[in-house]
Each structure stands twice: as C-alpha cells, then as structure tokens.
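Since every read-out is calculated from the coordinates, none of them should be taken as a lab result. Computed from a prediction, not measured in an experiment: that's the story for all the values here. Counting neighbours? That spans all protein chains shown, and the Cβs are built from the backbone with ideal geometry, glycine included.
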Amino acid sequence: MEKIPEKINKKKTNNKKASRYFQPQEEVYNIDDKSLKKFKSGHWKKRQDGKTRKKNDERAVKRLRKVDKFLGDAPISKEKIKKYKRGSDMEATHARTYFHKTVFEQKEKKLELAAKQAARSELLLQETSGFIDAESDEETTYISQHDIVKAVDINSASKYFELTLTDFGPYKIHYTRNGRFLLMGGAKGHVAAIDWQTKKLLCEMNVMETVQDIKWLHQETMFAVAQKQWTYIYDNQGIELHCLKALDCVLNLEFLPYHFLLASSNSKGYLSWLDVSIGQKVAGHSTGMGRLDIMCQNPYNATICLGHSGGTVTMWSPNVKEPLIKMLCHGGGVRSVTVDKKGRYMCTSGIDRTMKIWDLRTYKMLQSYKIGMGASHLAFSQKNSLAVSKGNIVEIYKDCCQETVTSPFLTQRLPSSVFGLQFCPFEDVLGVGHSNGFSSLIIPGSGEPNFDAMESNPYQTKKQRRQAEVKMLLDKVPYEMIHLDTGKIGQVDQKTLEDKIEESNKILFLKPKKIEYEPSYKMKGRSKGLKKEQRKKGVIEEHKRRKLKKLWT
Amino acid sequence: MKIKVLSRNPDDYLRETKRDIHKVPRNYDPELHPFEAPREYVRALNATKLERVFAKPFLGALDGHRDGVRSLCKHPTALSLLLSGACDGEVKVWSLAKRSCLQTIQAHEGMVQGLCMHQSGRYFFSVGNDKTIKQWSLSDCGQIEEEPQSTILGKTIFTSIDHHWSQNMFATCGQQLDIWDEDRTEPVRSFTWGVDSLHAVKFNPIETNIVGSCASDRSIILYDMRGSAPLRKVILKLRSNTIAWNPMEAFIFTVANEDYNLYSFDMRKLSMPVTVHMDHVSAVMDVDYSPTGREFASAGYDKVVRIFPADRTHSREIYHTKRMQRVETVRWSLDNKYILSGSDEMNIRIWKAQASEKLGVLKPREKTAFNYNSKLKEKFAFHPEVKRISRHRHVPKMIYNQQKEMRIIRQSQKRKEANRRKHSKPGAVPYVPERKKSIIKEIE
C-alpha cells in the first residue's frame, strides 16, 4: 500500500520534467511520433544540463524541425505482399529447442523481407495493362476492330491485320512463348513462320501433305509439324531436321517448355510424350478412348487434358497409365478444352451448346453458359480473358470465371469459320486462324504488360536466346515430376512418413502373416518338436525384420 | 470512350549502344514463373552434382622429410609459413605459397615431439626425445638461425609443448606438466596427478590460463595455470591422443581417442561428452579446430583425414590418397581454407577445407552463383536424391570393409544387449546412452 503512492509520485515528477522539456514543442510542427518518443524518454536530457541549456534547447528544436516527414520505407499494402508470398507463415511454437526457434524466426523474417522487396519492385514495372474505358450506358460488345484501330496509336494499330490465304486453309496457329513469332499451318500443307510484328517471313513451304497441327518448340529456332503420317521437326528456315516416326497419325501437338516434352495425341487413341532434348519417347499411353482430337495442356502443372466424345475430360501425366482425373463435363461430346495460366480454371464446350467453367482445385463447375451455336474453339489469355469462337464469330469474355457475365466484352466477325485460336503472349492481340487465312485482332487488356526477361523476353538478341536455351536445358524438369500439384516437392512430405510409421507399426504389432515353412529334418536330435518350432520362429522373425528394413530404406 | 492498348517502345527495352549492357526488365510475379519448386529442385540437384564433380581437395604434397612427420606448427602471423618436425629430429620451414622448403635444421637427436610458436611469430620452441627444450629464432622470411637461442635440459623426455596465447609462458608435459617462463631455465610451476605420464598439452585460446592435457592412464586432465593443483580429470575407456580447444567456445574441447572416436566435452561437465564423433575405423591421432570453431579436422591411424562439423556425430568429408600412410598430425590453416596433414610416409599434404571450393578471386557473378547454389543445396538437403549424391564418397577398400565390419560388430552388440534385456528382470540391464559408454569416471 505504501509503495504505490511512491511510484505515482515518481511518475508525476517525471511528467513534470518531461513537460518542462516539452515546452518548445508547441512551436514545432514537423515532429513525428518517433522523435516525440525520444524527446519524452529524455533522449536529449544530457545535452540540456548546465548553463547552456537554452542554447541547446534551441538546437534540439532545430534538429526536430529537420526531421524527415517520410521516415522509413514507403508502406506497401498487405494485398500486394500477399501476392508474392509462398505459403503461409510458419509458427515457431513447435521448434525443438530455443536455438531452432530462433533459426525458424530468422528464416521467416527473411522470407517476409523477400516478399516485401518483390512487392516493392512493382514500382519499377514500366507498362500498364490495356483497357477499354466505356461510359456507364455504353456497351463494349459492339466496338469493332476499326473503332479500336482509330482510337489507338499507329504502332498498336498495325497489330490488327489480316492475311488472306484462301488456297491452303484452314489454318492452325501458334505463337512463341515470348510472343514474337507466329507459326501457321494450313491443313493442305502450307507452313509459314513469321515475325508477325515486323511482318518478316522466316520461312514458308508446302509440306505436300495434310498438316494436322503445328507447334513451336522451346524457341523460335525449331517447330514441329504433325503431318499425315509422321511428325516432323523443321528449323526456322524450313529445313527438315527430324522425322519422328514414334509419333504417327498425330492429330494434336502440345509442347511443355519446362520439361522439353512434345506431347501428341493420335487418331487411334494413343497419347505419347517425346523428350525433344534427347529425341526419345519417354512415355505413351493407350487411352482406349477413341480418336483424340481435343487436347490442351495445363500450363500450371504440365498435365495433358483430353476431351472425349462421351462428354468426359481426362487429365494425363506421363507417369501414370490411367488418367489422373476423369470428369464428366458435358452431356454430349466435348468440342474444346482450355485451361488458364494459373491452372485454376478450365473451360470446356460441348456439342450440347454449353460452355462450362470448372474450378480445377475443387473439380466443381463454377459457370455454365449457353452458347448459341456451341463454341468450337476456346482460348484463355494471360489476363484470363476468354476467347470463344462460334462459326465465324469470335467472342471475348472478361472475368467470366468467378462471375456470370451476360454479354461478351468484344465480338468480331471473321470471313470464314475459325480453326485456330490463341492469344499472343505479352501483347493485346488475339490470333485467329480460319479457312481464309489469318486474322490478328486487338483485344485491349488481354496480355500481360510486363514480361520478365529471365523467363521469356520478346526483345532478346541472338546471344541472349542461346544463353537462355542453355539455362532452360540446365533447368529441365524431369518428366517424372509431372503431377497435379507441382508445389509438392517444396513441401514437407508428412503423409508418406505417417504412412510409413503406420505400416511399420502394423507389422510390429499385428499377428504375422502365416508363412508356409516346414523345417527340414535334421539328425542328431535337432528335429525334436521344440527345436523345430524354434527354427520356424526364427525364419518368421527374419522375414518380418527384412520387411521392416525394406520399408525404411 | 477511352481505349488503351499495350504498346511498348523498343527503346525502353533495348540497349542504346553496342557497348552498353543488355536491359533485363524483371517481373517477380509468381504467375510468370511457373514450376518454381520443381525447377528449384532441379537446380539444387545439379548444384549438388557439380559439387561432387568439382570435389578435388588435394592441392599438393610437401616432400623433403627423411622420416615420418611427427608435428606441425602454424605460423600465427604469416599464412604461408609452416613448421614441421620429423621423427629423425629435423625441423623444416615451408613456404606454402611456393610449396618449397625454406630451411632445414637438425633440431634434436631422436624425434621432434612438439613444436610451438610465440604469438609474435619471431621465435619458436621445440621439444625432442633428447630431453631438451630449444628456442629458435625465426625471421619474417622464414629463416631459422642455425644455433638455438637457448636450450633447456630437462630430467625426463618432454612429449608435447604449447605456448601461452598472450603471455611469454609455455607448457610442456612428460612425467608432469610444467609451466615455464621464457626467461627462466626452471619451470615456474609443476603439476602432477598420479604417477602416469602425459603426452599432449594445449592452452585454452580464450580462457588463456586453462590448460588441458591427455595422460596415459586414459584420462584427460584440466589445469588452471594460476592454481597449485590440477582442476579435474575424466577417465575414459581408452587413451586420448590429443586435445584441441574450440577457439570460439572457451569451454568446449575435443579429444582424439584410441577407440576410433573423438569426444567433445564441455569443460564444466566432464561426466558426459557433449558429442561423440565417430567415423574413423582406427585410432584417431590428432585433431585441430578451424578458426571459426564450426568444424575440426582429425587425423586417423586408418590413413585418412576427416572433417567433422563440431556439433555432428558423423564426418562431412573424408580425405585420402593411395600414397598417404598413417596420418600423425593435422592442422587447419588460419584463413579457414586449407588443411595440412603430416603423415608417416614423410610427406606433408595440403588439402582444401571445402573440397569443391573454387580457389582464387571470384567474379561477382560467380560469387552470387555459388551463394545461390549453396542456399539451394541447403534447402533441398533432405531430399533423398540430393542427400544420396552429396553424401556419397569413394573410400579405400580397407576402410569400406572396416566400416562394414564395425557396423556388424555394433549391431551384434546391440542385439546381444537387447536379448539380455529381454531375458532378465526389468531394470537389471539398464539403458546406457552412447555418450556415456566410454566414460569411466570424473574426478575432481
């Protein structure tokens, strides 16, 4: 009881002192909380003793005035930091020792710093996304390409063009990963590779055979063409490099750039993967699902999605003979499948004239749209715009995955029915291949504005390209790692360990399986009942031990 | 209505002149970097493989001695100088940079048992089988004067010598532990405990008055130089050959034992070692700490040098060559980069402390690449494939077989103990921790 008032007294005197030092504060405006705290805590007390107190007071005040208004780093919003965070924070509560706890905490701090710095580096991004800013009563649906071309600069306007190639169509198209080069393959054998921005032709030829599909390989130096019988690889001058007889009667090609795999599906229901870096087929599955003419890759986990005539969509990895996922998506046959970049949404369309959006994390349907004639081709852009072709009309939907949209963002009528559809990476451009040639359409806001030059660089030089090729080959992910969850390798494999423990526990405590073993007869009294039983037991124990050992190595 | 379309100005992305460096715009958005974990794993795997590819630790041998190398002594101020004493009484000064012998002197009759240097590096002491302690002067360029500055004739053979880390004192051991002042011919202080002789002595580098020594009655004895009696001792099952103090943690020391193991003790609690380091398949002859105190190197009678992390039971590295025989002595250089080993077949060998380290000046890009790779290796260290590759060492057949044999012996001992436990009264066969097994008792 006595001590408490003393304390209060002390505090009071402190306050008095503080208030005395505080007097000049009324005149000072540029003080932030930190310096005030310092001031209050008597940080400057030392300078204020003796006779020169007044002078020092003034100095202190001056110093306070100089204090920076914007102390420390600029604040970053939590949303931004969250974007760059990998996984949730780890709690150090389960650490074994204090030492481990501090190690965990330090690691956590470093991760947080990394996320923060990554978020802060957004400031350095040079470009912003494209858009159409319509007034409230205006609909963007009927804005034509001509309107867009009129509204934008001359450089962008040149990205809207048409190539009229009536003789060898319909055309399949494919852009390189950096969006610089375009490959076109006409069904009647016409193959052409162009730098579509400068309109410079790399090569043009006629393979004198039906062309089923075309795909660039890892870079613009090589491409694969699925022809009538075999699949061929050409370089960018049109010289035939390889004839892949392992891939025959191929209907669809997909290239998995991080695994260097060329996946192909053929007319006999055979799905195969070919490693282009070593030129060998690494896996092939007989799906038993008939003609495989609908195929796409999931860019997030490199699985292959196939659409079937029964309305199912299956997902395949080269490691498993059975489909990883088999889902019934439509009442009728599937006409087209596509998966977005992050591997979250899958869009399918069927002959039942519906288009459905699926969540690939839960495998549940999110949206179902009625499309007038049914969608024949689908494509997601980098910013998740969805291009849908019906006959000779292409419709673009924006944000149609999470919300139900009622009208398309843009529509465009083409001279003939659409055969190939792809958004150009890092550009606001949609490439459409059709029976009359090729059209390049401008779709504002569809492309990723800021590329990462270490990943794919549209402006790379020849040297950089070669360097990148080496780097890519060094980082080639083995095909054994293709699985639905790509992040698995970076996580703690708790389940396997638990399973192991459980299984070994079972062996230890469960009654051992009956092992057929009849001890052989031994002479000199070593085959008496007890001895025999002992030998038998020894064998069984040994068997058990071996099994345990096998489990743990 | 406003429309904006992505349109990049190439000038923003291309370098201005040919002499300029390329522009590399970055975007750290995780969406643009798919397969992050698998790619990192592949990189880690490659880094681990490269580490094994570049693991060439042997740098060179210094030959010239005409008998087995018995002792090595690092120079406290010059990285390139090394002293070595051989079994025929010769002491040689080596230039490590040139890998050549600078001078040779016939220091003793019979073996040179120990060498130690004053912290200034101006002079050093040697003890030999001829019962003498000799002080030799050493110039900066590594020249020894032919005649010793002083010679002390003792009554018995001195088996080891070590210099105090700050004062002009040194300690020798033999029948007893003597503390000498450099200026006097008689020991300042002598310690005895029991009748047995001592064969290794070391000053603590931090608590400079503490001295540790190993005795032939299988004990490790600690002394305080200021006191009149030894502090305490601990008796192990087998003899310890040498002792080394951790230069960063004053209270930790490691002894190299005859029972193929090394034991790290906490000076304050000798009843149980902190860590038992086991990997050698023969007696451990010498041990020396790295200047960081994180690791130590040990020399084995099994013809290998091993490197142990100070807190780990098993070694991280094994160094051997076909020609290297029993390793008598090992030293870790003061720049933490090299390991020097002296062996029976008259050679001193220079090894890298990190087997795959690139020597010489690194370019900044190299440095960042190495740092990145080491972080990756650390991150994926526990993945089975990475673990397997980084752990794999080719060892001589002799060691391979010995290891196998020892594993079998250990297993059978364990099995026998378990069987005895199973068939006796509960509690009659107690569980003894591995660390306690080799300790007989602690005496104060």
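Can you give the helix-only mean residue ellipticity at 222 nm for chain B, where every DSSP H stretch with n ≥ 4 adds -39500 (n - 2.57) and the sum goes over all residues, rounded to the nearest 500 deg cm²/dmol?
Rounded to the nearest 500, the figure is -5500 deg cm²/dmol.
Between B:THR275 and residues 5 or more places away or on another chain, which pairs have amide H atoms under 5 Å apart, with H built 1.01 Å from N, and which residues are they?
For B:THR275, the qualifying residues are B:SER264.
How large is ³J(HN,Hα), in whole Hz, for each residue of segment B:330-342 in order, when computed from phi with the Karplus curve 6.51 cos²θ - 1.76 cosθ + 1.60 and θ = phi - 60°, using x for Gly and Pro?
Each residue's phi maps through the Karplus curve to give 9, 9, 9, 5, 6, 9, 6, 10, 10, 10, 10, 10, x Hz.
DSSP loop GluC sites (Glu not before Pro) in segment A:134-237 with at most 16 other Cβ atoms within 10 Å of their Cβ, which ones?
Here the sparse-neighbourhood loop sites are A:GLU135, A:GLU138, A:GLU139, A:GLU209.
Loop only per DSSP, at most 13 neighbouring Cβ atoms within 10 Å: give me the GluC sites (Glu not before Pro) in segment A:445-553, ordered by residue number. Before the final figure, lay out each step's value.
Values: sites: A:GLU455, A:GLU469, A:GLU480, A:GLU498, A:GLU502, A:GLU503, A:GLU516, A:GLU533, A:GLU541, A:GLU542; in loops: A:GLU455, A:GLU516.
Loop-located and lightly packed - A:GLU516.
Please give the FRET efficiency for A:LEU548 paired with A:TYR363, using the beta carbon to beta carbon distance and R0 = 30 Å, rounded to the nearest 0.05.
Working: r = 38 Å, r/R0 = 1.26.
For R0 = 30 Å, the calculated efficiency reads 0.20.
At 1.567 mPa s and 4 °C, plugging the Kirkwood radius over alpha-carbon pairs of chain B into Stokes-Einstein gives what diffusion coefficient in µm²/s?
Reported coefficient: 53 µm²/s.
Per residue of segment A:456-465, in order, report the coupling 6.51 cos²θ - 1.76 cosθ + 1.60 (Karplus, θ = phi - 60°) as ³J(HN,Hα) in whole Hz, putting x for Gly and Pro.
8, 10, x, 9, 6, 8, 4, 5, 4, 4
Give the average over all directions of the projected area of the C-alpha convex hull of the protein assembly as shown, one decimal, in nm².
Here the figure is 65.6 nm², rounded to one decimal.
Would you order A:ILE325, B:ILE243 from fewest to most other beta-carbon atoms within 10 Å of each residue's own beta-carbon?
A:ILE325, B:ILE243
Round to the nearest 0.05 the FRET efficiency obtained for B:SER412 and A:ASN155 when R0 = 56 Å and r is the Cβ-Cβ distance.
Details: r = 81 Å, r/R0 = 1.45.
E(calc), rounded to 0.05, equals 0.10.
For A:SER504, put the label point 7 Å out on the Cα→Cβ axis and report which residues of segment B:412-444 keep their amide N under 20 Å from it.
B:412-419, B:434
Tell me, A:MET222, A:MET523 in order of fewest to most beta-carbon neighbours within 10 Å?
A:MET523, A:MET222
In whole angstrom, note down how far apart the Cα centers of segment A:229-261 and segment B:205-237 are.
About 76 Å separates the Cα centre of segment A:229-261 from the one of segment B:205-237.
Would you mind checking which residues have amide H under 5 Å from B:ALA310's amide H? H placed 1.01 Å from N; only 5 or more apart, or other chain.
Those lying under 5 Å, H to H, from B:ALA310 are B:GLU295, B:PHE296.
Mind sorting A:ARG526, B:ARG19, A:ARG177 by how few other Cβ atoms lie within 10 Å of their own Cβ, fewest first?
With the sparsest Cβ surroundings first, the list reads B:ARG19, A:ARG526, A:ARG177.
Using the Karplus curve 6.51 cos²θ - 1.76 cosθ + 1.60 with θ = phi - 60°, work out ³J(HN,Hα) for each residue of segment A:310-326 in order, rounded to whole Hz, and write x for Gly and Pro.
x, x, 9, 10, 10, 10, 10, 10, x, 8, 10, 6, 9, x, 5, 9, 9
How big is the equivalent ellipsoid of segment A:381-456 along its three axes, where each semi-axis is √(5λ) from the Cα gyration tensor, reported in whole Å from largest to smallest? Each step should come with its number before you reach the end.
Values: eigenvalues 94, 61, 14 Å².
They are 22, 18, 8 Å, listed from largest to smallest.
Round to the nearest 0.05 the FRET efficiency obtained for B:HIS314 and B:ASP63 when R0 = 30 Å and r is the Cβ-Cβ distance.
0.40
Considering the Cα positions of chain A, please state its Rg to one decimal place and its Dmax as a whole number of Å.
For chain A, the Cα-based Rg and Dmax read 34.1, 114 Å.
With labels modelled as points extended 7 Å from the Cα through the Cβ direction, what inter-label distance (nm, one decimal) is found for A:LEU111 paired with B:LEU50?
Here the answer is 2.6 nm between the modelled labels.
Any idea how far apart B:SER282 and B:THR104 come out in nm if each label point goes 7 Å out from Cα toward Cβ?
2.6
Please report the spacing between the Cα centers of segment A:440-489 and segment B:97-138 in Å, no decimals.
63
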